[in-house]
Amino acid sequence: VKRGPVTHKLLLEVYDILDGARLRATNRVKGPLVAFGMTLGRKQASCVALKLTAARRERLAELKGSPEAYRARHLEKMVDKLEPWVGELTATQRRHLAALLPSQGQARAVAQARFNKGLRFIAALTSPRLDKKRTWLRSWVSDPYALYSTRERKLLQAREVRNKRLIWPLVKTFSADQRARFARKVLDYARAFEALAAQR
C-alpha cells in the first residue's frame, strides 16, 4: 500500500489478509471464551439486556431527523474515524466517502438486526440446555454472522459486498502521504497485537 499504486486486486487481498488474521485470533481464544461464557447465566444476561436496550435507544436516536441531517451527521462521524488513519481528506475524498453511507432505512434495518442478534445472545446465555449453549457460543466467537437470521445475514453480507465495491474509488484517490500514514498506523496496530499475543 505504501509503495503504490493501490490496485483493486491488492485491496481485495488486504481484506483477505485482515479476515485471515481475525480467524486466527478467534481460533486462539475460542476455547477460553466459550469456557468463560458457559459460566455466565441470568444475572449477566440481565446486564447485557440493559446495555443492549440502551445502545439500541441511542442508535435509533442517531437515525432520526431528515435524510439530509442524517447524511451530514454520519458523514462527519465517518470522516472522524478515517482521518486519524490517512490524514485530512480532500473534498473529492469526502464525496467518495459519502457514497459509502447507507440510506436511513438500511441503517435502521442494520440496527434492528444487531439488536435481534443481541437478544439471541441473551437467549444463548440463559439456555438450560448446556450443549445448545456451548454450540451457540462457539459460533458466536468464530462467525461474524452467527446468531443472525437468514434474512439479516443476507442484509449484512450484501452491505459488506457493497462497501468493498464503493470504497475502491476512495482508495484510488489517496496520496503518497496518506498511504504512508495508513501503512504506519497498520504497523503500529500489528506491533500492539503481537505484544498482546506474546503475553501469557
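The values are calculated or read from the model by the stated rules, or taken from the named source; none is laboratory data. Owing to the predicted nature of the structure, the values given are computational and were not obtained by experimental measurement. Quick reminder, even Gly has a Cβ in these numbers, built from the backbone with ideal geometry, and neighbours come from all protein chains shown. We work out accessible area using only protein heavy atoms, side chains counted, and drop any ligands, DNA or RNA first. Shrake-Rupley method; radii C 1.70, N 1.55, O 1.52, S 1.80 Å.
Structural remarks
- The coefficient of translational diffusion for the chain, derived via Stokes-Einstein from the alpha carbon Kirkwood radius under 25 °C and 0.890 mPa s, stands at 126 µm²/s.
- Counting only aspartates and glutamates at least 8 places from Lys154 when in the same chain, those with an alpha carbon closer than 15 Å to its own are Asp143.
- Size descriptor for segment 83-189, Kirkwood hydrodynamic radius: 16.7 Å (Cα pairs only, one decimal).
- Theoretical ellipticity at 222 nm over the chain - DSSP helices of four or more residues, -39500 (n - 2.57) apiece, nearest 500: -28000 deg cm²/dmol
- In percent, rounded to a whole number, the relative contact order of the chain is 37, using alpha-carbon pairs under 8 Å and six or more apart.
- Placing unit charges on the Cβ atoms only, positive for Lys and Arg and negative for Asp and Glu, gives the chain a dipole magnitude near 620 debye about its Cα centre.
- Ranked by the mean number of other Cβ atoms within 10 Å per residue, highest first, peptides 74-81, 97-104, 63-70 order as 97-104, 74-81, 63-70.
- With 23 Å as the limit on Cα-Cα distance, the pairs of Lys43/Lys133; Lys43/Lys64; Lys30/Lys133; Lys43/Lys117; Lys43/Lys81; Lys132/Lys164 that go past it are Lys43/Lys64; Lys43/Lys81; Lys132/Lys164.
- Kyte-Doolittle at least -1.0, axis length at least 27 Å by Cα - qualifying DSSP helices, the chain: 8-38, 42-62, 67-86, 104-125, 150-172, 176-198
- Accessible area per residue in Å² at 1.4 Å probe, computed on the chain: 66 Å²
- Protein accessible area in segment 106-150, 1.4 Å probe - carbon and sulfur %: 56 percent
- Pairs of alpha carbons in segment 1-80 separated by more than 13 Å make up 81% of all such pairs.
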